[in-house]
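Written below as C-alpha cells is the structure these notes are about.
The values are calculated or read from the model by the stated rules, or taken from the named source; none is laboratory data. Just so we're clear, the structure is a prediction, and the values are computed from it rather than from any experiment. Cβ sites come from the backbone with ideal geometry, for glycine too, and all protein chains shown count toward neighbours. Remember, those area values only see protein heavy atoms, side chains included, never the ligands or the DNA or RNA. Shrake-Rupley method; radii C 1.70, N 1.55, O 1.52, S 1.80 Å.
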Amino acid sequence: MRKWMAVLPLIPMIFTGCANGNGGQGTTPNGGTTNGNTSDIGGTITVVTSRTDAEELFADIEEEFKALYPSVTDIIWESSSDYNNYITTRMNTTDYGDVLFVPFSMSGEPEMYPNYFEPLGTVEELGKAYIDVTEADYNGIAYGLPAAINSLGIIYNEDVFEAAGIKTFPTSIEELLAACQQIKDNTDAIPFFTNYNSGLGTWGGMLSSFGGENYKEAMLQSGTAFMPGQPIRQVMDLFYALTTNGFTEPDPVTIDFAQGKQMIADGKIAMMMKGSQDEKAIEELSDTSDIEIAPMPVKVNGKTSIAFGSPEVVGINVNSTNKVTARAFLDFFISAESEYADDLGGMSPALADLDPEERAIFENNNIVLTAPPVMAEVETVYTSIANEVGVARLTEVLQQVINMGLYPDQYESYENYVNSLEARWEKAASEYAK
C-alpha cells in the first residue's frame, strides 16, 4: 500500500460517504457491530473461504480468536480454489457455513443479499467505522464488510520498463499505449496481460477511476453507456487498442492467471491490471525483478485517482445458529489484529486500525472506491439495465472485444458491436424511464 506514496503527489482528498439508512446498532471497540452479549460468544463456527493457501495463517487467527473468547471451542475452516461455483452451489441449501466470503457474482443482483446474508448494520453507521462498506449493500444495509482494503491499478515489471527505455510510468491512456509499443519494439516481453480467463470482471471495479464515483447515476442521466467517453466504452476502447496493436498475449485462452503472474515476475509480461494483493504475490515469485503498482493512468476532473476496494468481502449466513460468535469472528478477522489484511498486501478497513502512513494516503490523495456508495434507486435501475444488456460484470463484453481485436475475420466489427450494445442500453433505459 505504501508504494502509492512514492507514485503520486499529494493532492486534495475526494472521499464520498453515504448517508442512507435509519440508525444503527451498538458498536464494538474496533468499530464493528454486535447483536448480543459477549458472554454469548462461544461454541463452534464454520468459516468458508477461497484461500487454499493460508492454512498456517488461519491456524494463527483461530488461536488468537480463541484467546480472546475462551468459550469458543472450534473453528472449522473450509476452502475452495473454485470458490464462486463452490459457494453458490452450497447456497442452494442453508448449509454454507457461518462466516463466508460473499461471492462477487452476486453484485449484479444485490436484492438477493437479504435472502442469504445477515444484515450487519446500516451503511451510514458502518461508514463511520470502516472504509468501503458498500461492497455488498442493498437499500442502505450492508451485508458484507471488506476483509482488506487494497489498491487497484497497473502492476508492472520495472526491469522490463527500463529495458524498453521507459523512465516514468504513463500518466494517460495514450502514454500507456505508447509504452506498450516501446516494450513491443525493444524487448521480448508481452506488453499487457489481459487475464482473459478469470480476471476481466475486475475491470468493473475500475469504472469509478474512469468515470468518478457517481458514474452510474451519470450514465442513467445521459441515457447512454457506450458513446465515446463513457466509462465502459473507455475500457472497451483500451482493450480494442491493446489487441489490434498486438500488445497482448497472442492466444489469451491458453494463459491462466497463475501463469500470467509468474510471467510478469520473470519479465516475460510487462503489465497487468490487478490489486495490490497480487502485486505482493508476484513480487514473492521473483528473485530478481522489481515489481511495482501504479494507479490507472486516467483522470477525473483533471486528477489521477487511486482506486481502492476489497479483494474479498466477508458476510454471515442468515441461517447461522451461532450468529453472535460469527459476528465477533467477522469483526476480528477484518481487524489489523488478525493480520489477514496484511497477508493480502492491504490494510484493515477499520478506520481505528490505520497507521499514520496509511491514514496519509486517504487524507492527502484523490480517492475513489471500486464499489462506491450509490443511492438504492440508482443501483436498482442501473443493475437491471446492465443485466439486461449483459454488462453487469464486464467479463463477457471484454472477452468479445478481445476476440474482435485478435480475430477480426471471425467476428463482427467493433463498431457494429458497440452500436448494438448502445441500442440495447437505450432500449432498456427507455423502458425504465416510462
> Is there a residue being closer than 30 Å to SER413 by Cβ and touching a Lys or Arg at 6+ places or on another chain (Cβ under 8 Å) anywhere in the stretch 292-309?
Replying inline: no
>> Here are the criteria: (1) modelled with pLDDT of 95 or more; (2) in a helix (DSSP H, G or I); (3) open to solvent by less than 10 Å² (accessible area, probe 1.4 Å). Tell me which single one ALA341 does not satisfy.
In response: (1)
> Is one or more of the residues making up the stretch 25-40 part of a loop (DSSP other than H, G, I, E, B) and modelled with pLDDT of 95 or more?
Replying inline: no
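Yes or no, residue by residue, for (1) small (Gly, Ala, Ser); (2) touching a helix residue (DSSP H, G or I) at 6+ places or on another chain (Cβ under 7 Å); (3) under 19 Å from PRO228 (Cα atoms); (4) buried (at least 17 other Cβ atoms within 10 Å of the Cβ):
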| residue | (1), (2), (3), (4) |
| --- | --- |
| ALA352 | yes, no, no, no |
| GLU363 | no, no, no, no |
| GLU377 | no, no, no, no |
| TYR417 | no, yes, yes, yes |
> Residues of the stretch 81-106 being open to solvent by less than 60 Å² (accessible area, probe 1.4 Å), over 16 Å from VAL324 (Cβ atoms), part of a loop (DSSP other than H, G, I, E, B) and at pLDDT 95 or above, which ones?
Replying inline: MET91, TYR96, VAL102
> For the stretch 202-219, does any single residue satisfy the condition of being among the aliphatic types (A, V, I, L, M), surrounded by fewer than 20 Cβ atoms within 10 Å (Cβ to Cβ) and not in a loop (DSSP other than H, G, I, E, B)?
Replying inline: yes
>> GLY275 - would you say it is of a type in the set (Gly, Ala, Ser), under 21 Å from the mean Cα position of the chain (by Cα), farther than 25 Å from ALA164 by Cβ and crowded, with 20+ Cβ neighbours inside 10 Å?
In response: no
> Between a first residue in the stretch 367-382 that is closer than 11 Å to TYR215 by Cβ and in a loop (DSSP other than H, G, I, E, B) and a second residue that is at pLDDT below 85 and open to solvent by 20 Å² or more (accessible area, probe 1.4 Å), which pairs have beta carbons less than 9 Å apart while being 6 or more apart in sequence or on different chains?
Replying inline: PRO372/THR16; PRO372/CYS18; VAL374/CYS18
>> I'd like the full set of residues that are within 10 Å of GLY153 (Cβ to Cβ), assigned to a strand (DSSP E or B) and open to solvent by less than 10 Å² (accessible area, probe 1.4 Å), limited to the stretch 291-307.
In response: ILE293, ALA294, ILE306, ALA307
>> Condition first: of a type outside the set (Lys, Arg), farther than 13 Å from GLN399 by Cα and part of a helix (DSSP H, G or I). Now tell me which residues in the stretch 228-241 satisfy that.
In response: PRO231, ILE232, GLN234, ALA241
>> Taking the criterion of being farther than 21 Å from TRP203 by Cβ and of a type in the set (Val, Ile, Thr), would at least one residue in the stretch 372-383 satisfy it?
In response: yes
>> Please pick out the residue among ALA163, ALA147 that is open to solvent by less than 50 Å² (accessible area, probe 1.4 Å) and out of contact with any Cys (no Cβ under 7 Å at 6 or more places or on another chain).
In response: ALA147
> Between residues in the stretch 385-409 that are on the phi > 0 side of the Ramachandran plot and residues that are surrounded by 18 or more Cβ atoms within 10 Å (Cβ to Cβ) and of a type in the set (A, V, I, L, M, F, W, C), which pairs lie under 6 Å by C-beta distance while being six or more apart or on different chains?
Replying inline: LEU394/TRP203
> Do you know which residues across the stretch 383-402 are modelled with pLDDT of 95 or more and either open to solvent by 20 Å² or more (accessible area, probe 1.4 Å) or not in a helix (DSSP H, G or I) (or both)?
Replying inline: GLN399, GLN400
> Does THR254 satisfy the criteria of being in contact (Cβ under 8 Å) with a residue 12 or more places away in the chain, of a type in the set (Val, Ile, Thr) and under 25 Å from ASP185 (Cα atoms)?
Replying inline: no
> Scanning the stretch 124-141 for residues that are out of contact with any Ser or Thr (no Cβ under 7 Å at 6 or more places or on another chain) and assigned to a strand (DSSP E or B), which turns out least open to solvent (accessible area, probe 1.4 Å)?
Replying inline: TYR130
>> Just the residues that are buried (at least 23 other Cβ atoms within 10 Å of the Cβ) and in a helix (DSSP H, G or I), please, taken from the stretch 308-325.
In response: THR325
>> Would you confirm, using the coordinates I've provided, whether ILE155 is assigned to a strand (DSSP E or B), touching a helix residue (DSSP H, G or I) at 6+ places or on another chain (Cβ under 6 Å), among the β-branched types (Val, Ile, Thr) and modelled with pLDDT of 95 or more?
In response: yes
>> When you check MET263 against the structure, is it surrounded by fewer than 23 Cβ atoms within 10 Å (Cβ to Cβ) and farther than 19 Å from VAL401 by Cα, yes or no?
In response: yes
>> Consider the stretch 57-80. How many of its residues are in a strand (DSSP E or B) and among the hydrophobic types (A, V, I, L, M, F, W, C)?
In response: 4
